[in-house]
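A.B. asks: Got a structure for you, questions after.
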Amino acid sequence: MKIISYDLGTGGVKASLHDEGMKAIAKSFIEYDTYYPAQMLHEQRPNDWWDGICASTGSLLKSSGVKAGDIACVAISGHSLVAVPISCSGELMTDRVPIWSDGRAVDEARDFFGRVDEEQWYMTTGNGFPSYTYSLFKLMNLKRREPDVFSKIYKVLGSKDYINYRLTGEVATDHSYASGCGGYSLKSARLEPDYWEAAGIGMGIYPDILPSHSVIGRVRAGAAAETGLAEGTPVACGGVDNACMALGAVGAEEGRVYLSLGSSSWIPVNSCEPILDFDKKPYVFSHIAEGMFTSAFSIFSGGGSLKWVRDNICSGLPGDAQGEDAYALMDRMAARSPVGAGGVFFNPSLAGGTSQDKSVNIRGAYIGLHLGATREDLVRAAFEGIAMNLKSSYEFMKRKVRLESRLLITGGGSKSRFWLQIFADVLGVDVFKTNIDQDAASTGAAAIAARAVGLWDGYSGIGALHKTEFSCAPDSVKVEEYRKLSNQFSIVSEALAGLGDALA
């Protein structure tokens, strides 16, 4: 019995083929494009997702030698806050759709909150990203901009739900994905009619909501021919990426916490009650496990900010031409700079502010530059700035939930021992990395598939899949130094938020 899981992300689709013991025996990554036709407009082509699914499936089967008929189930983790419109005949109605970070619906959100109390809406939905990024407001925008297209919509589907539809012909979503639509009540676990009415959108446009491990259908003949999967292969409903990552990283136990160091970076925690705070606005999704929630803060550009530093400040590093990893070189450069980076601070808000910032208009910046500052200082300041930004999230979660004593770090950034030591010193907690690394979402999707076909009866087996590769303990002297620096970083961030408002 084998399982294929897909992680449909912002940059591409990761796919993994798992054996009966849930070990990944083959992996694939297929990249696709994001389009930026104007400021705040971020779009992707659903057909590119489908092409990625087809290509990655073929790659997995070919590299592993596994026969398509041996695949017992497939499941998908999908990037959030997407609404793909399809017609009654199942045709895609727009070539490109706004993705989670798209900001086109600012006016629609403003109009909506002229009719609906914003605090009540947040405390009901837990939708703590900037409100205009949620699907309901994107639909309002589509209705205003293209009324003829909107009038012909049969259903709107999430990213992974669209792929499920292409595979099976069935229309459905799950609670984790629905919890990011902008019109879903976390505690009632259903759509909230008053919000859909206030938006002027009929609730019938939204698909039925099922448990993530429900088998929604089986692979159709046409989809089998395109993907290489066997006709009749069961397809589980799957989940939103945030919830699948939480499941794959730390399972479904209360108080389990991790830090994801990807292009965007965030700290989520599992809890039996959603963590809601209208001032700070943590964003909350229903967990894959029934009756659980995953609440988090994020930086829209965590690892993405470090990549910007790599490309713009560290381009042409010695050794890079010989194929040596640029990030390893950056680690060594930063290690030559002292704690505090010689007085230089870096704010990582290169993709704008989130709910934890004083203003969404905040932008990235270096502060404290002086004639003695070196490139090594600039690189270290970036590592430290991202960690200090996320510290406020971690401290907030500690006040709300009893957290476990160690912090798992996942994502591409977790490969850097140097950076993980900075996190240990900034947060004052033991941090560690496991073999799951960048595969938390696909591991979560694989667990969903395993439950869907009875290989697992729950999610208690997640922990056994993790093998610790290394850990870092905090240095008491550096912890005190970073405590003072973090206070200064907060002052810098407040000032940058005010400057961002002035410039906006």
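The values are calculated or read from the model by the stated rules, or taken from the named source; none is laboratory data. Small disclaimer: the values here were computed from a predicted structure and weren't measured. Here the Cβ positions follow ideal geometry from the backbone for every residue, glycine too, while neighbour counts run over all protein chains shown.
A.B. asks: Can you tell me which of (1) more than 19 Å from residue 422 (Cβ to Cβ); (2) not assigned by TED's automatic domain parsing to the domain that holds residue 422 is the one residue 290 doesn't meet?
C.D. replies: Tallying (1) more than 19 Å from residue 422 (Cβ to Cβ); (2) not assigned by TED's automatic domain parsing to the domain that holds residue 422, residue 290 fails exactly one: (2).
A.B. asks: Restrict the check to segment 215-227 and report whether at least one residue is farther than 30 Å from residue 461 by Cβ and among the hydroxyl-bearing types (Ser, Thr, Tyr).
C.D. replies: no
A.B. asks: Say we look at segment 424-438 and pick out the residues that are of a type in the set (D, E, K, R) and touching a strand residue (DSSP E or B) at 6+ places or on another chain (Cβ under 6 Å); which of these is surrounded by the fewest Cβ atoms within 10 Å (Cβ to Cβ)?
C.D. replies: 430
A.B. asks: Moving on to the next point. Evaluate the following for residue 471: is it among the small types (Gly, Ala, Ser) and farther than 30 Å from residue 13 by Cβ?
C.D. replies: Judged against the criteria, residue 471 is a match.
A.B. asks: I would also like to ask the following. Could you look through segment 196-222, keep only residues that are hydrophobic (A, V, I, L, M, F, W, C) and assigned to a loop (DSSP other than H, G, I, E, B), and pick out the one that is farthest from residue 234 (Cα to Cα)?
C.D. replies: Ranking the candidates gives 201 first.
A.B. asks: Taking only pairs six or more apart or across chains, which ones have beta-carbon atoms under 8 Å, a first residue in segment 297-319 that is over 20 Å from residue 410 (Cβ atoms) and of a type in the set (Ser, Thr, Tyr), and a second residue that is at pLDDT 90 or above and in a helix (DSSP H, G or I)?
C.D. replies: Partner pairs satisfying both residue conditions: none exist.
A.B. asks: Quick one: is residue 208 under 28 Å from residue 260 (Cβ atoms), within 26 Å of the chain's Cα centre (by Cα) and at pLDDT 95 or above?
C.D. replies: For residue 208, the condition - under 28 Å from residue 260 (Cβ atoms), within 26 Å of the chain's Cα centre (by Cα) and at pLDDT 95 or above - is not met.
A.B. asks: Right, something else. Mind listing just one residue for me: the one in segment 451-471 that is in contact with a strand residue (DSSP E or B) (Cβ under 6 Å, 6 or more places away or on another chain) and in contact (Cβ under 8 Å) with a residue 60 or more places away in the chain and, of those, nearest to residue 410 (Cα to Cα)?
C.D. replies: Result: 471.
A.B. asks: Follow-up question, since we're still on this one. Looking at residue 250 and the list (1) at pLDDT 95 or above; (2) closer than 25 Å to residue 450 by Cβ; (3) in contact with a Ser or Thr (Cβ under 6 Å, 6 or more places away or on another chain), which single condition is not satisfied?
C.D. replies: (3)
A.B. asks: Of the residues 360, 379, 339, which is over 28 Å from residue 501 (Cα atoms) and in contact (Cβ under 8 Å) with a residue 24 or more places away in the chain?
C.D. replies: Sole residue among the options that is over 28 Å from residue 501 (Cα atoms) and in contact (Cβ under 8 Å) with a residue 24 or more places away in the chain: 339.
A.B. asks: Can you pull out the residues in segment 125-178 that are among the polar types (S, T, N, Q), under 22 Å from residue 297 (Cβ atoms) and touching a residue at least 60 places away in the same chain (Cβ under 8 Å)?
C.D. replies: Scanning segment 125-178 gives 125, 127, 176.
A.B. asks: Considering segment 35-50 alone, what residues qualify as being surrounded by 15 or more Cβ atoms within 10 Å (Cβ to Cβ) and part of a helix (DSSP H, G or I)?
C.D. replies: 46, 48, 49, 50
A.B. asks: Still on this structure, I have one more. Name the residues in segment 224-249 that are surrounded by 24 or more Cβ atoms within 10 Å (Cβ to Cβ) and among the hydrophobic types (A, V, I, L, M, F, W, C), would you?
C.D. replies: Residues satisfying the conditions are 229, 235, 236, 237, 240, 243, 244, 245, 246, 247, 249.
A.B. asks: Based on this model, can you work out whether residue 469 counts as assigned to a strand (DSSP E or B) and of a type in the set (Asp, Glu)?
C.D. replies: Criteria met by residue 469.
A.B. asks: Confirm whether residue 292 is more than 28 Å from residue 178 (Cα to Cα) and among the aliphatic types (A, V, I, L, M).
C.D. replies: Criteria not met by residue 292.
A.B. asks: Residue pairs, Cβ under 7 Å, 6 or more apart or interchain, first in segment 50-64 and within 17 Å of residue 235 (Cα to Cα) and touching a residue at least 12 places away in the same chain (Cβ under 8 Å), second in a helix (DSSP H, G or I) and polar (S, T, N, Q). List them.
C.D. replies: Matching pairs, first to second residue: 53/227; 54/227; 57/227.
A.B. asks: Among the residues that make up segment 367-375, is at least one of them in a helix (DSSP H, G or I) and over 15 Å from residue 492 (Cβ atoms)?
C.D. replies: Within segment 367-375, one or more residues are in a helix (DSSP H, G or I) and over 15 Å from residue 492 (Cβ atoms).
A.B. asks: Can I ask one more? Looking only at segment 389-423, count how many residues are out of contact with any Lys or Arg (no Cβ under 7 Å at 6 or more places or on another chain), buried (at least 23 other Cβ atoms within 10 Å of the Cβ), closer than 18 Å to residue 269 by Cα and of a type in the set (A, V, I, L, M, F, W, C).
C.D. replies: Residues in segment 389-423 being out of contact with any Lys or Arg (no Cβ under 7 Å at 6 or more places or on another chain), buried (at least 23 other Cβ atoms within 10 Å of the Cβ), closer than 18 Å to residue 269 by Cα and of a type in the set (A, V, I, L, M, F, W, C): 2 in total.
A.B. asks: Given the condition assigned to a loop (DSSP other than H, G, I, E, B) and under 20 Å from residue 81 (Cα atoms), answer yes or no: does some residue in segment 301-317 qualify?
C.D. replies: The answer is yes; a qualifying residue exists.
Here's the yes/no breakdown for (1) touching a strand residue (DSSP E or B) at 6+ places or on another chain (Cβ under 9 Å); (2) assigned by TED's automatic domain parsing to the domain that holds residue 264; (3) among the aliphatic types (A, V, I, L, M); (4) under 22 Å from residue 356 (Cβ atoms):
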site	(1), (2), (3), (4)
93	yes, no, yes, no
98	yes, no, no, no
112	no, no, no, no
115	no, no, no, no
127	yes, no, no, yes
130	no, no, no, yes
134	no, no, no, yes
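A.B. asks: Quick check: anything in segment 327-336 touching a Pro at 6+ places or on another chain (Cβ under 9 Å) and assigned to a loop (DSSP other than H, G, I, E, B)?
C.D. replies: Checked against the condition, which is being touching a Pro at 6+ places or on another chain (Cβ under 9 Å) and assigned to a loop (DSSP other than H, G, I, E, B), segment 327-336 yields no hits at all.
A.B. asks: Here's something else I'd like to know. For segment 397-439, how many residues meet the condition of being within 22 Å of the chain's Cα centre (by Cα), farther than 14 Å from residue 257 by Cα and in a helix (DSSP H, G or I)?
C.D. replies: 7
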